[in-house]
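Enquirer: I am attaching a structure below and will ask some questions about it afterwards.
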Amino acid sequence: MIHSNNNIRAIILVLIGMTVFAAQDTFIKILSTSTNLYLIYLIRCIVGLTIIIIYLKYKNLEIIFKTHYPYLTLLRTFTFFFGFSLYYFSLSKLSLPMAVTLFFVSPFFTSIFSIIILKEKVGIRRWSAIVVGFIGVYLVMDPDFNNFNIYTLFPVLCAICYSFTIIIQKKTSDKDNVFSQIIHIYLSALFFALIIRSTILNYNFDPNIVNEYYSILVPWKIDNFFNFILLVNIGFTGVIGFFCLFSAYNSGKPSAIAPFEYIIIVWALIIGWLLWGETLDYKGFIGLTLIVLAGIYTFVRESKLQKSISIDKPLR
């Protein structure tokens, strides 16, 4: 009964966490028309680090900046930063439902990386789930090869990067705790954002290039107080979502709660339709269904086989 109650509490936390992340993605999409992506990153990191440090101080927990795996940590943080740079940029080019849905192929890539890097054995059932998931991706993307929208690849590339970082985190979590790992991500993102600010924006790009990559090349400025509030809220939502998800995974059974992360797709469909009139076509909805079902099957199957690589960490 206690375990059941823990699962219920964990599910509620997951639902709250993914709802918060849906809000974060919405704020970033709104700001992408006027605010530089890496300025968003910078303020998100500053706010996030401030909240985490205050929390650790309040709980009398040690604030650890050092890592026992410097090279793997650098690889993990850079891959994470690069992947989510692609994802957040894609929000300025794709509908919110499409970007969010395509990102959720990450469990399949996590399984693939676990085969390559961790030498885990994957049977025909999980390979079948992976194939079905990628069929779903194809349907959501619905590529026109004569006029292919390359930006549909960005959430998928983000999923690949994220899955790779999950495998690295699996190897480093024996000595680097959760809070130090998230601090590494924030500090690295802050550093990378400042590097980009001091390099890319010093070039004079062709106006057509600036227009195409506006959310990256627009000058660093905050146009109004409303945008400032959104920027601060992005920092808060990132930390709140993180706390909710990791609290959920620490208190509940991962295989029981992981499927509820897909609630963010429902929120993306609702928010995209309400704010921008965005939705998926019938192929997209079929593809979404295949991705969700294959993902849930992957969670259930790995739980039965006690292979927790894909399900013992949040998908965000």
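The values are calculated or read from the model by the stated rules, or taken from the named source; none is laboratory data. Just so you know, these numbers come straight off a predicted model, no measurement behind them. Cβ: placed from backbone, ideal geometry, glycine included. Neighbour counts: every protein chain shown. For the accessible areas, the whole protein counts, side chains as well, though only heavy atoms, and no ligand, DNA or RNA atoms are used. Shrake-Rupley method; radii C 1.70, N 1.55, O 1.52, S 1.80 Å.
Enquirer: When both residues are 6+ apart or on different chains and their Cβ atoms are under 8 Å apart, which pairs have a first residue that lies in the range 132-144 and is touching a residue at least 12 places away in the same chain (Cβ under 8 Å), and a second that is of a type in the set (D, E)?
Expert: D142/D281
Enquirer: Could you count how many residues in the range 41-56 are aromatic (F, W, Y) and either under 14 Å from I28 (Cβ atoms) or crowded, with 17+ Cβ neighbours inside 10 Å (or both)?
Expert: 1
Enquirer: How many residues, within the range 91-132, are in a helix (DSSP H, G or I), modelled with pLDDT of 90 or more and touching a Ser or Thr at 6+ places or on another chain (Cβ under 8 Å)?
Expert: The qualifying residues number 5.
For (1) open to solvent by 20 Å² or more (accessible area, probe 1.4 Å); (2) in contact (Cβ under 8 Å) with a residue 60 or more places away in the chain; (3) touching a Pro at 6+ places or on another chain (Cβ under 8 Å), each residue gets a yes or a no:
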| residue | (1), (2), (3) |
| --- | --- |
| N6 | yes, yes, no |
| G17 | no, yes, yes |
| T26 | no, yes, no |
| T33 | yes, yes, no |
| L39 | no, yes, no |
| Y58 | yes, no, no |
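Enquirer: Looking at S85, is it within 19 Å of the chain's Cα centre (by Cα), polar (S, T, N, Q) and farther than 24 Å from S215 by Cα?
Expert: Against the criterion (within 19 Å of the chain's Cα centre (by Cα), polar (S, T, N, Q) and farther than 24 Å from S215 by Cα), S85 does not qualify.
Enquirer: Here's something else I'd like to know. Step by step: first the residues of the range 168-200, then only those that are over 20 Å from the mean Cα position of the chain (by Cα) and free of Cβ contacts under 8 Å to residues at least 60 places away in the same chain, then the one that is most open to solvent (accessible area, probe 1.4 Å). Which residue is that?
Expert: By that ranking, first place goes to D174.
Enquirer: Something else now. Return the residues of the range 68-78 that are in a helix (DSSP H, G or I), open to solvent by less than 80 Å² (accessible area, probe 1.4 Å) and not aliphatic (A, V, I, L, M); say none if nothing qualifies.
Expert: Within the range 68-78, P70, T73, R76, T77 meet the criteria.
Enquirer: Working carefully through the options F81, F65, find the one that is of a type outside the set (A, V, I, L, M), assigned to a helix (DSSP H, G or I) and open to solvent by 10 Å² or more (accessible area, probe 1.4 Å).
Expert: F81
Enquirer: What is the one condition in (1) open to solvent by less than 30 Å² (accessible area, probe 1.4 Å); (2) β-branched (V, I, T); (3) at pLDDT 80 or above that I311 does not satisfy?
Expert: Unmet condition: (3).
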